[in-house]
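First the structure, in the form of structure tokens, and then the observations on it.
Here, each number is a calculation from the coordinates, and none is a lab measurement. Given the structure is predicted, the values throughout are model-derived calculations rather than measurements. A quick note on method: Cβ atoms are made from the backbone with ideal geometry, for glycine too, and the neighbour counts reach across all protein chains shown.
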Amino acid sequence: MNPPLEPTTPTAKRSPALDPYALRGDFPALHQEVNGHPLAYLDNAATTQKPEAVLEALLRYYREDNANVHRGIHELSRRATEAYEGSRARIAEWIGAEGPEEVVWTRGTTEAINLVAASWGGSNLSEGDEILLTEMEHHSNIVPWQLIAERTGARLRYVELDEEGRLRLDQLPELLTERTKLMAVSHVSNALGTINPVPEIARLVHERGALLLVDGAQGAAHHPVDVKALGCDFYAFSGHKLMGPTGIGALWGREELLDAMPPYQGGGEMIRVVKPDMSTWAALPHKFEAGTPNIAGAVAMRVAVDYLDRIGPEAVLEHEQSLVGYALERLREIPGIRLYGPPDPEERSGVVSFSLQDAHPHDVATILDTEGVAIRAGHHCAQLVMRRYQVSATTRASFYLYNTREEVDRLMDGLDAVQSIFGSTGTQ
Ligand code: 7TS
């Protein structure tokens, strides 16, 4: 019999300052050449690279323990169930949940938000009710609400952004009305890097008797998360943004809320009894997990969380802020560059977003790619942010725990190359 899956010890030890050079050894994908240059991977807001321990956990699960969960009484099924449920318990503990029944496995943040919008929204919203969103949101935290608003007759309202990429919290007292049933806000903006003051927002939202959902896609990976301290009612996040696999993530919700919500999808595993004309539901969290789940993904996500936790989210944030500070300092040297987001690195996590006057962000990204520097250009699935600043796209570099100052220098060298190709007539 194989011992239950244990996380492999990462190279890093928990310490206030992390050493990106030592950590890089754990990430095989970082050690390659792209277009004849060593890869500088600066697209971590899109997805992060995976440490060896996570890759090993995936392979080991499939090699040794692969079976369906909660179904068989045979040894492999027992092991798979233990690993799957063990991961849930670990995630619950990591985010400060009351217990594992408050953690629902999903495909990621997007599915977690769709679950709440469809299930909670479908049974709690009616004509004239209001959902409060912000201009900062990723499409994943807008479109599910539009869909449910259309079905129920609820109305969407938006908190605006100020010039420097912060939420206009001064608008909250007016926007939160007796009709507001829920506010949905990102913990950290993927397009601007802004960290939102969630506890303060939660207090105002609860004073109005509404609920608060936090889109933690960019939060959990870069920022310490304690759902109790944040004071929210739902928290959604993705494994792949925190070094775990794609296709796995979680929804945390307060137990009494999840308990009162109807199932989101129907199928195997989410039922108690099925009769020809009706069924009853399994207990939490299984009520929301129809069908065979991403077992390997859940098992490996736990290993990613263990890795992150050993390093310490505080150290990760501190490292990212120091890279952002350095990047902003250097970017500001480019004449007339337009930078988005708060000027103070302390107000943001590891994202810098900017535009150059003479080169379209897609051209910038293409030229940087020829230099081995991976960044993202586009609207970042945040078209309301683009609309707010009247641009169609920005260039975005996003950092993680394994990025170095030398990689910021590589970005700057790449931007020099862009300017020499497009002419140095300045930037907008
Ligand atoms: N919310 C935010 C704030 C995000 O940044 C993302 C993904 C999502 C939700 C959706 O997460 P998923 O795992 O369900 O896809 N953001 C990005 C990005 O910035 N570039 O690519 C994906």
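Run the numbers for ALA417 and THR246: contour at 0.36 nm per residue of separation, minus the present Cα-Cα distance, in nm.
Numbers: separation 171, 0.36 × 171 = 61.56 nm, distance 3.35 nm.
Residue separation times 0.36 nm, minus the Cα-Cα distance, leaves 58.2 nm.
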Q) Taking the C-alpha atoms of the chain, how large are the radius of gyration and the largest Cα-Cα span, Dmax, in Å? A) 22.1, 73
Q. How much net charge surrounds THR47 when only the other residues with a Cβ under 15 Å from the Cβ of THR47 are counted, with Lys and Arg +1 and Asp and Glu -1?
A. +4
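Given contacts defined as C-alpha pairs under 8 Å and at least six residues apart, what's the relative contact order of the chain, whole-number percent? The partial results should precede the final answer.
Values: 896 pairs, mean separation 96.4, N = 428.
Relative contact order of the chain: 23 percent.
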Q: With a bin width of 10 angstrom, please list the P(r) values of segment 368-428 as percents of all Cα-Cα pairs, from the 0 bin to the one holding the largest distance.
A: 19, 42, 35, 4
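Is segment 187-274 best put as rounded, prolate or oblate by its Cα gyration tensor, with a ≥ b ≥ c the root eigenvalues, rounded for a/c under 1.5, and otherwise prolate when a/b is larger than b/c, oblate when not?
Values: a/c = 2.77, a/b = 1.27, b/c = 2.18.
In terms of gyration-tensor shape, oblate.
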Q | segment 181-241 - percent relative contact order, Cα under 8 Å, separation 6 or more | A | 38
Q | Relative contact order computed over segment 41-88 (Cα-Cα under 8 Å; 6+ residues apart), in percent | A | 23
Q.
Over the chain, with a Gaussian network built from C-alpha contacts below 10 Å, which listed residue (ASP277, ASP170, ASP26) shows the highest mean-square fluctuation?
A. ASP277
Q) Spin-label point model (7 Å from Cα, Cβ direction): what's the LYS228 to ARG155 distance in nm? A) 3.9
Q) Each label point is 7 Å from the Cα along the Cα-to-Cβ direction; what then is the distance between the points at HIS362 and SER279, in nm? A) 4.4
Q. How far apart, in nm, are the 7 Å Cα→Cβ label points at GLU174 and GLU200?
A. 1.8
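What does the extension gain come out to for ASP369 and GLU98, with contour length at 0.36 nm per residue minus their alpha carbon separation?
Working: separation 271, 0.36 × 271 = 97.56 nm, distance 4.50 nm.
Stretched fully, the ASP369-GLU98 segment lengthens by 93.1 nm.
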Q. Which Cα, out of PRO199, VAL274, LEU323, lies furthest along the positive dipole direction of the chain (beta carbon charges, K/R +1, D/E -1)?
A. VAL274
Q: Would you mind listing how long segment 271-364 runs along its three principal axes, going by Cα atoms, in whole Å with the largest first?
A: 70, 35, 23
Q | 222 nm mean residue ellipticity, helices alone, for the chain (DSSP H n ≥ 4; -39,500 (n - 2.57); rounded to 500) | A | -10000 deg cm²/dmol
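What ranking, highest mean first, results for peptides 58-64, 282-288 when packing means the other Cβ atoms within 10 Å averaged over each residue? Mind dumping the intermediate values first?
On the way: 58-64: 15.0, 282-288: 19.1.
Put in order of decreasing packing, that is 282-288, 58-64.
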**Q.** Test item: Cα-centred dipole of the chain, Lys/Arg +1 and Asp/Glu -1 on Cβ, debye
**A.** 820
(Q) Please report the antiparallel percentage of DSSP beta bridges with both residues in the chain, rounded to the nearest 5. (A) 60
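Counting other Cβ atoms within 10 Å, which GluC sites (Glu not before Pro) in segment 111-205 have at most 15 and lie in a DSSP loop?
Values: sites: GLU111, GLU127, GLU130, GLU135, GLU137, GLU150, GLU160, GLU163, GLU164, GLU174, GLU178, GLU200; in loops: GLU127, GLU135, GLU137, GLU160, GLU163, GLU164, GLU178.
Filter output for segment 111-205: GLU127, GLU160, GLU163, GLU164, GLU178.
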